[in-house]
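The structure appears right after this line, and notes come after that.
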Amino acid sequence: MASFFQDLRFSLRLLLRRPGMTLLAVVSMALGIGATTAIFSVVNGVLLRALPYDAPEKLVMLWESNASRGDTQSPVSPPLMVDWQNETRLFDEVAAYSRSFKITNNEGRPERVRTADITANLFKLLGARPHLGRLLEPGEDGPGRERLAVVSYRLWQSRYGSDPDVVGQSLDLDGTPHEIIGVLPAEFDFPADIDLWRAVGFNPLVIGRNARFLSLVARLAQDVETQQAEQRLGDLARRLEEEHPDSNTGWSARVIPLREQLVGSVRAILLVLLGAVGLVLLIAAVNVANLLLARAASREGEFALRSALGSNSFRLARQLLIEGLLIAALGGVLAFIVVYWGIDSLISLAPADIPRLDEVTVDRQVGFFALATILVTGLALCLAPALRFAWKRNLVKSLRSEAAGVRSGGRLHGLLVVAEVAIATVVLVGAGLLVASFIRLLNVEPGFRTDETLTFALQLPRKSYPEGENVATFYDQTLERIARVPGVRSAAATTFMPLDPDAWKAGFTIEGRVAAPDEELSAQFRAVTSDYFETMGIQLVAGRGFDDRDNANQPGAVIINQALQRKFWQEGEALGAKILPQSRNFGSLGRILLESFEVVGLAADVKNDGLEQDSQPAIYFPIRQFPTRNMSVVVSTDTTPASLVNPIGDAVWDVDSALPLSNVATIDQILQSAIAPQKFSLMLLGLFAGAALLLAAVGIYGVVGYNVGRRRREVGIRMALGSRRSEILWLVLRFSLRLTVIGLGFGLLSALFATRLLTNLLFGVTPTDPIVFGIIIALLLSVGLLAALVPAIRAIRVEPISVLRYE
């Protein structure tokens, strides 16, 4: 131990003797370790940490699927829920929920709350425990028991000021009083972003099999696996298809683990980011290893002398090991500052829809990961110097080289730089592909107006608006008042705004057309007011728009989009065709009043499902024939939309003062929110790519400078024998280019395989895009030349007489 502490003190003195190099090495390791640990903390919180429920590995989500309709996760009807629960022994328990919005009155102000109508066994299935009061119990969702409610921790704080006496208070929802029986703890968030849970019974004897609106969560039986459950539900689906052909034809089942359901959409990009930042850490480690190797080369004579005086190879290797671990440890200490700052920054910049983001913390697993990273990196830093110098046996040659000022180890330096360039190439190509993809995404024409357009949601309570005519009249009066607000160009309403992930999809038939056996006719159903297409800037390609004649007393009329026409009709043949909806009752969405509808217009395609998705078939219904209580109002303005929020709100409250305006945003904000995940991943990967490029440039600069230093005598001799300065310049640049080109070669080969992991994240760009690869090649070659320029200039300024004195 005495000799160990002696080596430790000696290593500290050496590091302090060269503060510039030490600071560069420590900062490089701090950034690498800190960034890697910060990203790992997100991956740990979102992907790895166990869900906060009892035995979460047995929890699954149950969905229907229909390949011909393109439905991979469709909600389930109440009768099918009973079939899955009773006719199989796959699940210990099955619970259901359905999202909705309710209006409540908060101190005289209308407020919309996000509610989940649930079967009362949901909390028992998940193992939830109350923060205050009690939770719903099985059996409390029967007739007459639907007026019990449990509030979220967030709503308890914001609305009730964390009042401990909230249990037993009454809460009005859509005009119906509900008793608050409990408060859930802060960590419970299922379904996500819900303010209030209430027990609702879903009677399968009353609700038909076409009414698919339930999301199911289940607990697998002890001896049942996910694939086994999905296979047996598929067998049941085929039997139900024979018994109920009108509702079950083409439908099967999907069983998805709850963890996969919650985080599957972000798994790929988080793992890509973790891999990218890991590569940056590797580049930083290689850079620091090169620094230590160069310093060890300058101490070659010291090592030879110490060996001559009796030090063994183990003692010399331990000295280098301690130096590497010291740098890694100092970098690790500084890295924790990066981690705490980095996590807060990541969470603040991340899109709001990343699940479980509130669970990201620096916990024990993150600490162990950071310590392991420090230890492994510290060992890796000193591996090359130890192998190169600690076991070197030719003492006489080492001492002579030291006396002559000759340094060795250039080949190992070059190999490390080649590795740096290769790794940087992989990171830069990945970032370049995402940049190209994002540019393509930004250039996509969404098919609707995005500038100076405001939108907000309205929800009409059933108690105040029981009939369809009341609903249509309300929207007519409200839109008329909004249109009179100074600065408003036009106003309209629709059930779903473009890019809304919850848009309703339903089946239909075409009069006089016999569908093929494997053909399923389905489209997005959207109820709109007559000025919707004009307000949204959606072009009517053919036919007419909606007007006053399209009411409940007239023949049905619909407008379809071009995607639907391309799928089922030849150009121009759709107008005049008759469409018959398979289902007319859509629960809270509304009820179609007529049985058949004539296609009276053809609208241009709109990117309803995302900018990166193809336009899907859509059918637009007039609101008087498909009255819907829950709609989004869209307002086209001549001025800044935000300045009109209050006047527009006053116009709405002139018609009904009990209605809240929710989800107030501009169309541009909705568009930016849609591309936020791509923007976030691009920003982080771009930062990592920039760090990789900078570190690679520093590595090339260091090695070329080191090479110039160890070849000073050669350069002096060449110049003394008549070599021109341009030849010396090219000699140095050629060395840098050779290392860069070799590294590029290995990096490009690796990138050809690695970028295939990005396939699902790219839009309009292939993983082997030649333009991106060409740009990265030109960039790295330029960086290689620029990094070598300063050492090259230093080389041509060498005075031959000064380096030949040793001879």
**Q.** the chain, dipole about Cα centre (Lys/Arg Cβ +1, Asp/Glu Cβ -1), debye to the nearest 20
**A.** 6140
Q) For segment 494-503, in order, what is each residue's ³J(HN,Hα) by Karplus, 6.51 cos²θ - 1.76 cosθ + 1.60 with θ = phi - 60°, in whole Hz (x at glycine and Pro)? A) 8, 5, 9, 6, x, 6, 7, x, 9, 4
Q: Quick one: check the C-alpha center-to-center distance for segment 326-384 versus segment 657-731, whole angstrom.
A: 22
Q: Measure off, as a whole percent, the carbon and sulfur share of the 1.4 Å-probe accessible area of the chain, all protein chains present.
A: 56
Q) In nm, to one decimal, how far is the PHE5 label point from the ARG484 one, both placed 7 Å along Cα→Cβ? A) 9.0
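Just to be sure I follow the rule: in the chain, considering lysines 8 or more places apart or on different chains, how many pairs have Cα atoms under 17 Å apart? Don't jump to the answer; show the numbers that get you there.
Details: LYS58/LYS124; LYS102/LYS463; LYS505/LYS567; LYS505/LYS607; LYS567/LYS578; LYS567/LYS607.
For the chain, qualifying lysine pairs total 6.
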Q: Run the 1.4 Å probe and let me know the accessible area of ARG112, rounded to the nearest 10 Å².
A: 40
Q: Go through segment 373-381 residue by residue and turn each phi into a ³J(HN,Hα) via Karplus (6.51, -1.76, 1.60, θ = phi - 60°); whole Hz please, and just put x for glycine and proline.
A: 5, 4, 5, 5, 5, x, 5, 5, 4
Q: For the chain, calculate the relative contact order in percent as a whole number, restricting contacts to Cα pairs under 8 Å that are 6 or more residues apart.
A: 16
Q | Estimated FRET transfer efficiency when R0 is 41 angstrom, pair GLU57-GLU179 (beta carbons, to 0.05) | A | 0.70
Q: Using per-residue counts of other Cβ atoms within 10 Å, averaged over each peptide, order 41-53, 544-556 from highest down.
A: 41-53, 544-556
Q: In whole Hz, with x marking every Gly and Pro, tabulate ³J(HN,Hα) for segment 748-765 from phi via Karplus 6.51 cos²θ - 1.76 cosθ + 1.60, θ = phi - 60°.
A: 5, 4, 5, 5, 4, 8, 5, 5, 5, 5, 8, 3, 6, 9, 9, 9, x, 9
(Q) How much length would be gained if the chain were fully extended between SER723 and ARG129, taking 0.36 nm per residue of separation minus their Cα-Cα distance, in nm to one decimal? (A) 205.5 nm
(Q) On a 1.4 Å probe surface of the protein chains, which of TYR701, TYR465 comes out largest in accessible area, and what is the full order? (A) TYR701, TYR465
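Could you work out [θ]222 nm for the chain from helices alone, using -39500 (n - 2.57) per DSSP H run of at least four and dividing by all its residues? Round to the nearest 500 deg cm²/dmol.
Per the formula, -16000 deg cm²/dmol.
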**Q.** Cα-projected label distance for GLN228 with LEU575, points at 7 Å along beta-carbon direction, nm
**A.** 6.0
Q: Enumerate the amide H contacts of GLY250 below 5 Å, restricted to partners 5 or more residues apart or on another chain; note that Pro and chain-start residues carry no placed amide H.
A: none
Q.
Given R₀ = 60 Å, what would the calculated FRET efficiency be for ARG18 paired with ASP451, taking r from the Cβ atoms and rounding to 0.05?
A. 0.55
Q) Out of residues 5 or more away from ARG489 or on other chains, whose amide H comes under 5 Å of its own, with H placed 1.01 Å from N in the peptide plane? A) SER636, THR637, ASP638
Q | Residues with amide H under 5 Å from that of ALA603, placed H, sequence gap 5 or more | A | VAL541, ILE560, ASN561, GLN562
Q) Counting only protein chains, not ligands or nucleic acids, how are GLU57, GLU137, GLU359 ordered by accessible area (probe 1.4 Å), most first? A) GLU57, GLU137, GLU359
**Q.** Listed values [x] 30.5, 96; [y] 26.7, 82; [z] 34.1, 109, entry calculated as Rg and Dmax of the Cα atoms in Å
**A.** [z]
Q: With r as the distance between the Cβ atoms of ALA50 and GLN157 and R0 = 35 Å, compute the FRET efficiency 1/(1 + (r/R0)^6) and round to 0.05.
A: 0.85
**Q.** Area accessible to solvent at HIS244, 1.4 Å probe radius, in Å²
**A.** 60
Q: For THR640 paired with LEU687, estimate the spin-label separation in nm (one decimal), with each label point 7 Å from Cα along the Cα-to-Cβ line.
A: 3.0
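Where does each of LYS578, LYS463, LYS58 land when they are ordered by accessible area, with a 1.4 Å probe and the largest first?
Accessible-area ranking of LYS578, LYS463, LYS58, largest first: LYS463, LYS578, LYS58.
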Q: Multiply the residue separation of ARG411 and GLU140 by 0.36 nm, subtract the distance between their alpha-carbon atoms, and state the gained length in nm to one decimal.
A: 89.9 nm
Q.
Let me cross-check SER3: its accessible surface, 1.4 Å probe, with only protein heavy atoms counted, in Å² to the nearest 10?
A. 40
Q.
What do you get for the angle between helix 226-243 and the principal long axis of the chain? Use alpha-carbon atoms, 0 to 90 degrees, nearest ten.
A. 30
(Q) Quick check for you: with a 1.4 Å probe and neighbouring chains kept, what is the accessible area per residue of the chain, in Å²? (A) 45
Q | With Cα atoms, 0 to 90° folded angle of helix 770-796 axis to the chain main axis | A | 30
Q. Which angle between 0 and 90 degrees, to the nearest 10, do you get for helix 410-442 versus the longest principal axis of the chain when only C-alpha atoms count?
A. 20
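The values are calculated or read from the model by the stated rules, or taken from the named source; none is laboratory data. Not measured: the values here are computed from a predicted model. Cβ sites come from the backbone with ideal geometry, for glycine too, and all protein chains shown count toward neighbours. To get the accessible areas, we keep the full protein, side chains included, count just its heavy atoms, and leave off ligands, DNA and RNA. Shrake-Rupley method; radii C 1.70, N 1.55, O 1.52, S 1.80 Å.
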